[in-house]
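Just so it is clear, none of the values below were taken in a lab; they were calculated from the coordinates. In this text the structure is predicted, and so the values were computed from the model without any measurement. Cβ: placed from backbone, ideal geometry, glycine included. Neighbour counts: every protein chain shown.
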Amino acid sequence: MTLLGSVIVLSMILLTVVGPWVSPHDPTAINVRPPPNPGPPSGDFPLGTNLLGQDMLSRVLCGGSIILQVALLSVLFCFIIGVPVGLLSSYAGGTLDKVFTLVMDSFYAFPGLVLAIAIAAIMGRGVINMALSIAVVYVPSYFRIVRSQVLTIKELPYTEAAQAAGAGGRTILLRYILPNVLPSIVIVATVNFADAILTAAGLTFVGLGVGIDVPDWGWDLTQGRQLLPSGAWWVITFPGLMIILLALGFTLMGEGLSELLNPRLEQ
Amino acid sequence: MIPMVLLLLSIVFLIVRVVPGDPVLLHFEKKASEEAIAEMRHDLGLDKPLHIQYFEYLAGLLHGDLGKSMAPGRDSISQQIFSAFPATLELALFSILIAVGIGTLLGVRASRSYNSVQDHLVRVFGTVIYAIPVFFLGMILLLIFSINLNWFPAGGRTQPTLEPFGLTVNLSEPVGGFIPHFLWSLPAGFVFLAICFIALKRKHMKFWPRGMVFSLLAFFTGWSVYAMVTWYFMSAGVLHISTGLYTIDSVLELNIVKFVEAVRYLFLPSLTLGLMLSGVFIRLTRSNMLETLRQDFVTAAKARGLKESTVVYGYAFRNAFLPILTMMGLQFAMLLGGAILTETTFSWPGLGRYIVDRINFRDYTAIQGAVIFFGILVAIVNLIVDILYAYLDPRIRF
């Protein structure tokens, strides 16, 4: 399962990188096919064209970059914020821990997409803003998993031994606790990748995407909604399938990884 | 729970005022005169010091006031939200029904034939459905069932000619004034008395002396409250009963045409949202059932020679259902997120559409209000689920 997931994910990333070279037309050039547009799939345009007369095949080949960037950045942000805060808060304990847990819990209970939409709406367009607003939603999952792990590891004999041997707080956190927390964080991160991709697509769909001058699957879907009454199925189907494939790849990878790293879950 | 809600309110409050720099400037995109900007700041109270704004905002929330919209009319956000809410509630209720229905049905089936082809198919379905963007699913369903087959309408909530929904009753004022009306309401007192007796019996409470006090209280309060409430409505002359949920309102009206139309419009959106949520329920039901089916009381029930379906549904499923209930509460937050996208796809006039509409207008006070409303809603639903859980699980008693 991990293998299948990784193959899907890697090929998607590869596709995004080489997409601009292999695509038959410029994905943003309009009226590549003379009007009337949108035109159904045909010999020159195997996946049809959209309302602006852009070639859908080229757009599908190049359109993953935004969504991947946003997902990657948001997972990175989550990692940078969630892990240190979780480590510190649970290791220190006391009031600090209580405050952080309360803040994280209130974010965790809140409808994620609503929060992301609100923050993205306030911060404005852009890849980084989108990634940040998604990160806000998912930081609590990292915090929680790190915290629960640290609380168990803190009590284990080898941590106590390190303490007895005179290791300082920083050494214990970074050299004894962090390496043992990492596997669970990697699992959370892979599963979150899928969520982040779907959330990024959702943000684009409600009009908070990056813009029209970059090929983007999410934007194609948004625009395709206006064309639905005319029955132009090709405008939404192919970008949509790509998003599904990407999200599915990450989900499979995450599930496979969690089975690999936690053999007990299998039973 | 209350500190969590309060914290969230404060964070949203701060984000709206501090992060963009100034919501009013952002709203106008720097394309307005000084006067217009100052006027809007004054109208919305954004010219006051931050701490005063904060307390006014909290005080407003206590009596359900979410502030004014940035739209030229400066409409009350609470009113707009309350009028959009029933549509979202109806969508949410039906989709959670569909999700739990599909989830438990497929989950139980998969667990009964563990590791068979059927089991694997159900698991694949559960994984794939989770990876599909809900609006994409919605558009595909729309394309197939509405545009190509023309079975269902393409969007909206009902045909405009059928509105308004709800039961309107013309009442004539009772003859003789309040005193005879009050006397005629006596049977209501006895109904409440009977309810009180049943409750006492179930609690095994002795009639004397506390039970006696309770029954007398129930009798007189029931009688007078019924008399006063009915008097209030009857003297108003016209009574309009409307829940805002079109399916329920049409049943109240006993209007088949309206009911069929309401269901036809509701079907695709709630199916979309329900399918999206069903993945979680399938997994949960399956894993819980697998665990429960292995327990001793199931083996004992089988050993007694009960039918397999009785064992599965009557014994195992009842025990596996509690975690599903908890999940329903947890999924409510996800449901609201999905509702925003589904409503946008199907032009469903609920809260999600409201938020998206306000985003396009850059109406930050309205976005703030809607987000807070969602937060409070989630908190209330979680509270209800906790209470239900305690009621259904005899091990938990507060």
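What is the residue count in the stretch A:103-149 for residues that are more than 10 Å from every other protein chain (Cβ to nearest Cβ), buried (at least 22 other Cβ atoms within 10 Å of the Cβ), more than 12 Å from A:Thr199 (Cα to Cα) and aliphatic (A, V, I, L, M)? Qualifying residue count, the stretch A:103-149: 2.
Looking only at the stretch A:209-232, residues that are under 16 Å from the mean Cα position of the chain (by Cα) and not charged (D, E, K, R) come to 4 in all.
Just to be sure before I move on: is B:Leu105 more than 14 Å from chain A (Cβ to nearest Cβ), over 30 Å from B:Val225 (Cα atoms), surrounded by 15 or more Cβ atoms within 10 Å (Cβ to Cβ) and without any contact (Cβ under 8 Å) to a residue 12 or more places away in the chain in the structure I sent?
Here the answer is yes, as B:Leu105 does meet what is asked.
Just give me the residues in the stretch B:347-377 being facing chain A (nearest Cβ under 10 Å) and touching a Pro at 6+ places or on another chain (Cβ under 6 Å), in sequence order. Passing the criteria: B:Tyr364, B:Phe374.
Could you give me the residue pairs with C-beta distances under 6 Å whose first residue belongs to the stretch A:248-260 and is away from chain B (no Cβ under 12 Å), whose second residue is crowded, with 19+ Cβ neighbours inside 10 Å wherever it lies, and which are 6+ apart or on separate chains? Taking only residues 6 or more apart or on different chains, the pairs are A:Leu257/A:Ile187; A:Leu257/A:Thr190; A:Ser258/A:Ile187. Considering only the stretch B:113-131, state which residues are facing chain A (nearest Cβ under 8 Å) and within 24 Å of the chain's Cα centre (by Cα). B:Tyr130 - this is the single residue of the stretch B:113-131 that is facing chain A (nearest Cβ under 8 Å) and within 24 Å of the chain's Cα centre (by Cα).
In the set B:Asp363, B:Asp357, which member is touching an Asp or Glu at 6+ places or on another chain (Cβ under 9 Å) and without any contact (Cβ under 8 Å) to a residue 12 or more places away in the chain?
B:Asp357
Test A:Asp213 against the stated conditions and say whether it is surrounded by 21 or more Cβ atoms within 10 Å (Cβ to Cβ) and either part of a helix (DSSP H, G or I) or more than 11 Å from chain B (Cβ to nearest Cβ) (or both). Spell out the reasoning first.
Details: surrounded by 21 or more Cβ atoms within 10 Å (Cβ to Cβ): no; either part of a helix (DSSP H, G or I) or more than 11 Å from chain B (Cβ to nearest Cβ) (or both): yes.
The answer is no for A:Asp213.
Return a yes/no flag: does the stretch B:28-39 have any residue that is out of contact with any Leu (no Cβ under 6 Å at 6 or more places or on another chain), among the aliphatic types (A, V, I, L, M) and within 21 Å of B:Val371 (Cβ to Cβ). No, because not a single residue in the stretch B:28-39 is out of contact with any Leu (no Cβ under 6 Å at 6 or more places or on another chain), among the aliphatic types (A, V, I, L, M) and within 21 Å of B:Val371 (Cβ to Cβ).
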